[in-house]
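**Q** A single structure is presented below for examination.
FYI, it's all coordinate maths here, none of it is from the lab. Given the structure is predicted, the values throughout are model-derived calculations rather than measurements. In this analysis, Cβ positions are derived from the backbone assuming ideal geometry, glycine residues included, and neighbour counts consider all displayed protein chains.
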Amino acid sequence: DIMREQLEHLNALGAEPNVTVQVLPYTVGAHPGLSGRFSILGFADTSAAPVVYLEQFTSDLYLEKPADVRTYTAMYAHLQAQALDPDSTRQLITDTIKTYTEAANHP
């Protein structure tokens, strides 16, 4: 039930105009995202340059050098290109929800 609710929440978020949900399937194999989580932080103030945020086990790291930001921006673009498009992602999540619903109904 919990997993189904989480997946339903992801689909609801993906329907928002300012949110894009994409799944990177296992069939992609090794990819740049395997090295760890990262966020690229952009700011409304256009004079502020983007920053890369890395959350680690014992500390956080902010990368501000333009070359570092470009590297992570390219990695993000690569991941996004390998991921399912938003419509295919929504369908995959919907199909997975059905699997969890059927499993809950047939213990």
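**Q** Hey, any hits in region 63-83 for a residue that's hydroxyl-bearing (Ser, Thr, Tyr), without any contact (Cβ under 8 Å) to a residue 24 or more places away in the chain and assigned to a strand (DSSP E or B)?
**A** First pass over region 63-83, keeping only residues hydroxyl-bearing (Ser, Thr, Tyr): 71-73, 76.
From what is left, the residues that are without any contact (Cβ under 8 Å) to a residue 24 or more places away in the chain are 71.
Imposing the further condition that a residue be assigned to a strand (DSSP E or B) reduces the set to none.
Within region 63-83 (the criterion being hydroxyl-bearing (Ser, Thr, Tyr), without any contact (Cβ under 8 Å) to a residue 24 or more places away in the chain and assigned to a strand (DSSP E or B)), the answer is no, since none of the residues qualifies.
**Q** For region 17-47, name all the residues that are under 14 Å from Leu92 (Cβ atoms) and in contact with a helix residue (DSSP H, G or I) (Cβ under 9 Å, 6 or more places away or on another chain).
**A** Looking only at region 17-47, we keep the residues that are under 14 Å from Leu92 (Cβ atoms), and these are 21-28.
Selection gives Val21, Gln22, Val23, Leu24, Pro25, Val28.
**Q** Mind counting the residues in region 67-89 that are over 13 Å from the mean Cα position of the chain (by Cα) and surrounded by 13 or more Cβ atoms within 10 Å (Cβ to Cβ)?
**A** Our first condition is that a residue be over 13 Å from the mean Cα position of the chain (by Cα); within region 67-89, this holds for 67-74, 87-88.
When the remaining residues are screened for being surrounded by 13 or more Cβ atoms within 10 Å (Cβ to Cβ), the result is 68-69, 71-73, 88.
So the answer is 6.
**Q** Okay, next question. Residue by residue through region 1-41, note down the ones that are aromatic (Phe, Trp, Tyr) and surrounded by 11 or more Cβ atoms within 10 Å (Cβ to Cβ). I'd like the intermediate steps shown before the answer.
**A** Pass one, region 1-41, residues aromatic (Phe, Trp, Tyr): 26, 38.
Scanning region 1-41 gives a single hit, Phe38.
**Q** Sticking with this one: Only one of Ala49, Ala44 is outside any helix (DSSP H, G or I), surrounded by 10 or more Cβ atoms within 10 Å (Cβ to Cβ) and not polar (S, T, N, Q); which? Outline the logic, then answer.
**A** Values: Ala44 fails: surrounded by 10 or more Cβ atoms within 10 Å (Cβ to Cβ).
Exactly one residue qualifies, and that residue is Ala49.
**Q** Restricting to region 3-16, give me the number of residues that are closer than 13 Å to Gln91 by Cα and not hydrophobic (A, V, I, L, M, F, W, C). Please lay out each step first, then the result.
**A** Of all residues in region 3-16, those closer than 13 Å to Gln91 by Cα come to 7-8, 10-12, 14-15.
Checking which are not hydrophobic (A, V, I, L, M, F, W, C) leaves us with 8, 11, 14.
Residues that pass the stated criteria total 3.
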